[in-house]
Structures are given as C-alpha cells and as structure tokens.
Amino acid sequence: MLHRALSIVAAILILTSCASVGPSFAPRTPCVAGAFTVTDDFAGARRGQCVVVADDSVQVTILPEDEGYINDSPWYAFRVSPNTASTVTITLRYDGGHHRYRPKISHDGLHWATLDESNVSVSRRGRKATIRIATDGTPFWIAGQEIITPIFYDAWNQKIAATGLAALSVLGESRSKIPVFVLNANAAADNVLLLIGRQHPPEVTGAIAFFAFFEQLMGDTELAAKFRQRFNIIAVPLLNPDGVIGGNWRHNLGGTDLNRDWGPFEQPETRLVKNLLDQLDTSGKKIRVFLDFHSTKRNVFYTQNDDNPTVPPHFTRDWLEPARRRIKGYDFDNEENPVDAVGVSKNYMYKRYGIPSMTYEVGDETDREAIRHAATVFAEELMKLMLEQDYLRPFVPGAS
Ligand SMILES: [Zn+2]
C-alpha cells in the first residue's frame with residue numbers, strides 16, 4: 001500500500017517537473033522561448049544555462065566566471081528579443097551569489113533606466129529575482145548596471161585626446177591582448193596625480209564617477225588650467241578590459257582579483273601599472289596623490305588613518321570635508337583604516353610612496369546625476385588642495 005502511494009507521488013513529481021521544464025540552452029546559445037529569445041553574444045554579457053519555463057517565461061542561471069573566491073557581485077547582462085508585443089518573464093537564479101544589482105533596461109544599449117520595483121520580485125533569501133516586462137515587441141537589454149565596455153572607453157578616450165589636453169597611448173596589453181590605455185596630461189611636470197579605474201568589472205558607478213572626475217580635470221576652468229600647468233595627470237581608465245568583456249563578477253582572465261595583486265604583480269594588467277610606477281620613479285617624478293575608482297553598496301572613501309600619516313598629513317580630511325559642504329544629494333563616508341597586508345592598490349601606493357592613497361567607492365544604486373555632480377566637486381576640491389601644497393618642501397614627519 002505504502003509502496004503504491006510512493007509510486008504515485010513519484011509519478012506526479014516526474015510529470016510536474018516535465019511539464020514545467022522546457023528546452024534548456026547553454027551560455028552563448030540563443031535561448032528560444034515561444035514569445036521571445038534571450039541572447040548573450042555581446043561584450044559584457046553574462047548569462048548561464050537558460051531554461052524555458054513557458055512560452056513567455058524563462059529561468060536564467062547567473063554564475064561567476066571561475067571557481068576562485070569571488071565576492072557577492074553577481075553581474076548579469078543579456079538581450080531580449082520579443083516576437084511580438086507581450087509580457088515576458090525572466091527569472092534570474094543566482095548560483096554563488098545573491099541578487100544585488102537592481103535590473104537596468106536599455107532599448108539602444110546607450111541609455112539606461114532602472115526597472116521599476118513593480119517589475120521585479122526578489123525571493124526572501126535573494127537567490128532568485130523575477131523580472132516581468134510588458135514589451136512593445138522591440139528588443140532590449142537587461143543588465144545589472146549600464147553596460148560600459150571597451151568600445152565605450154575607446155570613444156571616450158578619443159574624445160579626451162581630441163581636446164589636445166591629454167595624450168592617449170597604449171600602456172600595454174591585457175592577458176587576452178586587449179590594449180590597456182593611459183591618458184597623460186602635461187607629461188613635463190614632475191608632480192603626478194595618478195588615477196586608476198575599473199579593476200572590478202561590474203563596478204560601473206565607479207566608472208561613471210571616474211569619467212566625470214577626469215572631465216573636470218580637463219575642464220575649461222581657470223582652476224583646471226592652473227592645475228594642468230602645475231601637475232602631470234596620469235589615468236588608466238580601464239585596467240581590466242578582459243573582465244569587462246567577459247561580464248565577469250570580479251576577476252581578470254587569469255582568475256585573479258586584480259585589486260589583491262598589488263605587490264605580487266602576477267597578472268599582466270597589474271604588471272603594467274608596476275612598470276608605469278617604476279618608469280615614473282626612474283624619471284624622477286613624484287606621485288603625490290593616488291585614486292582608484294570602485295563601487296560598493298554605498299558611497300565611501302577608504303583612506304589611511306592617523307597611524308599611517310601621509311605626505312601631506314591629514315590630506316583626505318582636508319580634501320573631503322570642504323567637498324562635503326558643497327555636495328548635495330550624495331552622502332558619503334570617509335573610512336580611515338590602518339594600512340594592512342592586503343594587496344589592494346591603496347595599501348601598496350601608501351607603502352611605496354607614503355602619499356594619500358584612496359579607494360573612491362560609489363554606491364551601486366546611487367543616483368547617476370548625483371554621482372557626476374559629486375565627482376565634479378571632488379575633482380575641484382582636490383585640485384584646489386593639491387595646488388595649495390608646497391611639494392618642493394621636504395616632508396618632516398609629525399610637522400603639519
Ligand atoms: Zn572594487
């Protein structure tokens with residue numbers, strides 16, 4: 001009797017699972033449901049196995065790029081092509097992470113909007129997020145953040161170079177032989193401001209801040225002109241092009257978190273930076289301030305604390321507090337921490353040069369206009385403060 005009951009349960013389970021699971025499509029294979037197709041054949045895309053649940057519904061697995069340790073930054077990006085006006089349902093099933101990035105939508109790949117909360121339901125534990133969109137039949141992209149890939153950087157770099165204010169050149173190549181570019185303004189000056197961007201692929205809000213910040217340095221203002229006369233500005237906007245193209249959550253193509261490799265310099269991308277630093281040292285240049293642009297769940301600067309005095313002293317406070325008074329709609333923290341052994345860029349730069357070395361973190365969902373406004377003010381205040389320093393005077397520890 002019991003045996004028969006179990007058989008019936010088993011039969012029901014088999015029938016239900018068969019009824020609810022349709023064809024399954026591997027990554028890089030168009031996932032064809034009755035009402036629409038999901039593709040991931042473009043730079044920045046990330047989508048795992050895609051299972052057709054119904055004509056108008058699929059479930060997509062979102063998983064990281066490799067087996068190594070990867071923090072919970074589950075990037076996803078794919079294109080949806082509806083056959084007709086209809087409502088499509090796409091469930092993201094996270095394998096190795098939790099829903100973090102509010103889905104963004106674009107119809108042209110350039111302009112993006114955050115999907116309304118009414119379009120997205122997230123499971124209690126955050127392992128699944130279901131997106132429902134009423135479409136007019138035209139294709140669109142869905143991604144964790146705006147998709148900003150090397151082709152976008154190329155256009156932006158060219159735009160900067162066309163002003164004649166900064167020279168664009170190839171610093172070297174990534175592991176997959178993609179060029180890593182460097183912008184260099186006023187190479188004749190001895191004192192250097194060094195900026196690094198996009199070590200971590202999904203950290204797009206950091207990139208948005210980087211663009212606005214650098215544009216302000218190149219701006220048509222008296223302050224920026226004076227700054228450019230006095231300082232050499234060097235920027236590597238995109239240090240991890242392979243990771244960005246691959247839609248990685250964290251790593252480069254070598255399965256490494258680049259921002260844990262400052263010191264060992266075992267990866268081709270971080271070695272490019274080391275070579276750059278060595279060259280600057282050899283030529284007698286002095287890096288005075290270092291900024292590395294990232295994203296996290298809030299707006300925060302990670303800086304040194306008083307146990308690790310910088311040259312000049314308490315520089316980050318003197319920079320960020322006047323900026324705070326001017327900035328509207330962008331709350332941020334200045335988190336001063338002791339320098340430790342972790343191979344992040346700011347630790348390395350502090351240990352090598354004793355200079356203010358900051359991680360400039362922007363919140364994942366911070367309003368984009370507020371990011372740009374704040375970056376503009378941060379750039380202005382940084383220029384003012386650096387111009388006030390007497391960098392010719394030798395630093396005496398303890399004096400201020
Ligand atoms: Zn980061």
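The values are calculated or read from the model by the stated rules, or taken from the named source; none is laboratory data. Small disclaimer: the values here were computed from a predicted structure and weren't measured. Neighbour counts are summed over all protein chains in view; Cβ atoms, including those assigned to glycine, are modelled from backbone coordinates with ideal geometry. Just so you know, the surface numbers come from the protein's heavy atoms only, side chains and all, with ligands and any DNA or RNA stripped out. Shrake-Rupley method; radii C 1.70, N 1.55, O 1.52, S 1.80 Å.
Normalised by the residues of the chain, what does the relative contact order come to in percent, with Cα pairs under 8 Å and at least six apart?
14 percent
Surface composition of the chain: carbon and sulfur atoms hold 54% of the protein heavy-atom accessible area at a 1.4 Å probe. Taking the charge dipole of the chain about its Cα centre, with +1 at Lys and Arg Cβ atoms and -1 at Asp and Glu Cβ atoms, the residue from Gly284, His314, Gly329 reaching farthest to the positive side is Gly329. Cα centroids of region 299-338 and region 72-95: 39 Å apart. Using Cα springs under 10 Å in a Gaussian network model of the chain, which residue among Asn119, Asn191, Asn240 shows the largest mean-square fluctuation? Maximum fluctuation in the GNM of the chain, among the listed residues, is at Asn119. So, R0 is 22 Å and r is the distance between the beta-carbons of Arg326 and Lys297; what FRET efficiency does that work out to, to 0.05? According to the calculation, E is roughly 0.35.
The length gained on full extension between Asp390 and Thr163, counted as 0.36 nm times the residue separation minus their Cα-Cα distance, comes to 78.8 nm. Seen from Glu335, the other residues with C-beta closer than 15 Å to its C-beta sum to a net charge of -4, counting Lys and Arg as +1 and Asp and Glu as -1.
The simple Förster model, with R0 at 45 Å and r as the Cβ-Cβ distance, assigns Thr87 and Ala187 a FRET efficiency of 0.20.
Think of each Lys and Arg Cβ as +1 and each Asp and Glu Cβ as -1; about the Cα centre, that makes the dipole of region 150-388 roughly 460 debye. Annotation: lysines with alpha-carbon distance below 28 angstrom to Lys226 (same-chain offsets under eight excluded): Lys159, Lys285, Lys286, Lys328, Lys346, Lys384. Other residues with beta-carbon under 11 Å from the beta-carbon of Glu365 carry, at +1 per Lys or Arg and -1 per Asp or Glu, a net charge of +4.
Using the Cβ-Cβ distance between Ser123 and Asn337 with R0 set to 35 Å, the FRET efficiency from 1/(1 + (r/R0)^6) comes to roughly 0.55. Highest mobility in the GNM of the chain, judged by mean-square fluctuation with C-alpha springs under 10 Å and restricted to Gly363, Gly126, Gly206, is found for Gly126.
A helix-only calculation puts the chain at -9500 deg cm²/dmol for mean residue ellipticity at 222 nm, using -39500 (n - 2.57) for each DSSP H run of at least four residues, averaged over all residues.
Which stretch or stretches of region 80-96 have amide N atoms under 20 Å from the point lying 7 Å from Ala134's Cα along the Cα→Cβ direction? Counting only backbone N, you get 80-91. Which shape class applies to the chain: rounded if a/c is under 1.5, otherwise prolate when a/b exceeds b/c and oblate if not, where a ≥ b ≥ c are the square roots of the Cα gyration tensor eigenvalues? In terms of gyration-tensor shape, prolate. Accessible surface for the chain, divided over its residues, is 44 Å² per residue with a 1.4 Å probe. Sites counted here are GluC sites (Glu not before Pro) in a DSSP loop (not H, G, I, E or B) having no more than 13 other Cβ atoms within 10 Å; the longest part of the chain that contains none of them is 68-265.
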